[in-house]
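To start, I am sharing the structure in question, which I have written as structure tokens.
The values are calculated or read from the model by the stated rules, or taken from the named source; none is laboratory data. No experiment lies behind these values; they were computed from the predicted model shown. Here Cβ is always computed from backbone atoms with ideal geometry, including for glycine, and neighbour counts include all displayed protein chains.
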Amino acid sequence: MRRRGPVARSRNFFREWSIPRQLAGRDAMAEAARSRMSETLRPRLERADKVGSSICPYCAVGCAQLIYARNGRPIAVEGDPRSPINQGTLCPKGAATLDWMTSPRRLSRVLYRAPHSDRWEERPLDWAMDRIARLVKRTRDETFVERLPDGTVVNHTLGLGALGGATLDNEENYLIKKLFSGGLGAAWIENQARV
């Protein structure tokens, strides 16, 4: 195989690169912008066999997303142009949704580390949900105060608290408030949604 010299390579580069053709006055939107590489390019979403819609999980704005999938696996995420909220745009965090969905480091199972243990154990989701419910009930029962020493009715517990996240909408926050203050009697309810 004969190797091309630097002059031949640079001549080929300028022939393939669109900017010299555009500077020479050719139509920038047609022939001058074409190259051998651009002739072989295909739309990246052409490979998708399914498109679903979702809401970005990063904040409470609620930007709509389109999730493109092939064989049940996401291959691309973009803003949904039908949304009156984001009109097809995504911020850098929303645009990175595909990366966290497909990251090999993403946790997809329950991991539990027992008190004083030095290792994590994999557990079933049902086990984890039952354990959380049991511990919440036990903590509430052990720390619930009906009346203060002076007789004032308080019906609360200082043993539980709730910290909401920025991705919760008004309806979810309402339900959390009702559950933790009305149902469980928690006095400490906070949300980290401040910007």
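Please go through the stretch 127-151 and pick out each residue that is surrounded by 14 or more Cβ atoms within 10 Å (Cβ to Cβ) and either outside any helix (DSSP H, G or I) or touching a His at 6+ places or on another chain (Cβ under 7 Å) (or both).
PHE144, VAL145
Within the stretch 170-195, take every residue that is part of a loop (DSSP other than H, G, I, E, B), under 23 Å from the mean Cα position of the chain (by Cα) and not β-branched (Val, Ile, Thr) and give me the one that is modelled with the lowest pLDDT.
My answer is ARG194.
Provide a single number: the residues in the stretch 31-68 that are surrounded by fewer than 16 Cβ atoms within 10 Å (Cβ to Cβ) and small (Gly, Ala, Ser).
Selection size over the stretch 31-68: 7.
Let me ask something else. Might you let me know whether the stretch 101-122 holds any residue that is touching a Phe, Trp or Tyr at 6+ places or on another chain (Cβ under 9 Å), modelled with pLDDT of 90 or more and loosely packed, with under 10 Cβ neighbours inside 10 Å?
Checking the stretch 101-122: at least one residue is touching a Phe, Trp or Tyr at 6+ places or on another chain (Cβ under 9 Å), modelled with pLDDT of 90 or more and loosely packed, with under 10 Cβ neighbours inside 10 Å.
For the stretch 108-126, check the following and say yes or no: at least one residue is assigned to a loop (DSSP other than H, G, I, E, B), under 25 Å from CYS56 (Cβ atoms) and not aromatic (Phe, Trp, Tyr).
yes
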